[in-house]
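The values are calculated or read from the model by the stated rules, or taken from the named source; none is laboratory data. Keep in mind it's a predicted model, so treat the numbers as computed, not measured. Virtual Cβ from ideal backbone geometry, glycine too; neighbours counted across all protein chains shown.
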Amino acid sequence: MQSLEDPEGRGFFDSLFDFSFRTFVTDNIIRILYLIAIVVAGLVGIAEIVRGFSSGIGIGLFTLIILAPLSFFLMILYARVVLELIMVVFRIEQEMTKSRMQIDEIAARLQGAGDHPTPPSSLQEPFS
């Protein structure tokens, strides 16, 4: 299992209590949430099986063979898709930050050359 440290070397709790929100704990939390989703789906499946057998042998067997595995699979699939969508949003943000840093670096080099105009103000620190 991977360490709960972010790429900048800050620990999980340092990132958790970062009130400037410069680091995200989402990468670490997503793994934990997925594990919790698997456990919950398993417990729901077991509860369905118990409820099915309490209603009768036929319903219990149907629940054991078809209903519980199907509901487990669908719950895990849903949880995975939702968590991946959350991760995509945060990865987009990370890539946008990298792109902005590269644009700033290129703009600084161009300003240093003196032959080119300064970049438009829309490329400079929009959140400062």
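Ser55 meets the conditions (1) out of contact with any Ser or Thr (no Cβ under 8 Å at 6 or more places or on another chain); (2) surrounded by 13 or more Cβ atoms within 10 Å (Cβ to Cβ); (3) not β-branched (Val, Ile, Thr) in every case but one. The failed one is (2).
Scan the range 13-63 for residues that are polar (S, T, N, Q) and farther than 25 Å from Lys98 by Cβ and jot them down. Even if it seems obvious, please write down each step before you answer.
Within the range 13-63, the subset polar (S, T, N, Q) is 15, 20, 23, 26, 28, 54-55, 63.
Of everything in the range 13-63, those that are polar (S, T, N, Q) and farther than 25 Å from Lys98 by Cβ turn out to be Ser54, Ser55, Thr63.
Would you please name the residue that is modelled with the lowest pLDDT, looking only at residues in the range 13-33 that are in contact with a Leu (Cβ under 8 Å, 6 or more places away or on another chain) and part of a helix (DSSP H, G or I)? Per the criteria, the residue is Asn28.
The condition of being assigned to a helix (DSSP H, G or I), in contact with a helix residue (DSSP H, G or I) (Cβ under 6 Å, 6 or more places away or on another chain) and not small (Gly, Ala, Ser) holds for only one of Ile36, Ile65, Ile59, that being Ile59.
Given the criteria in a helix (DSSP H, G or I), within 16 Å of the chain's Cα centre (by Cα), among the β-branched types (Val, Ile, Thr) and surrounded by 12 or more Cβ atoms within 10 Å (Cβ to Cβ), does Ile76 qualify? Break it down stepwise before answering.
Values: in a helix (DSSP H, G or I): yes; within 16 Å of the chain's Cα centre (by Cα): yes; among the β-branched types (Val, Ile, Thr): yes; surrounded by 12 or more Cβ atoms within 10 Å (Cβ to Cβ): yes.
Criteria met by Ile76.
Scanning the range 79-124 for residues being modelled with pLDDT under 80 and in a helix (DSSP H, G or I) gives a total of 5.
Residues are listed down the side, and each one gets a yes or a no for (1) among the small types (Gly, Ala, Ser); (2) touching a residue at least 40 places away in the same chain (Cβ under 8 Å); (3) surrounded by 11 or more Cβ atoms within 10 Å (Cβ to Cβ):
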site	(1), (2), (3)
Thr23	no, no, yes
Ile30	no, yes, yes
Val44	no, no, yes
Arg51	no, no, yes
Leu64	no, no, yes
Ser71	yes, no, yes
Leu83	no, yes, yes
Met87	no, yes, yes
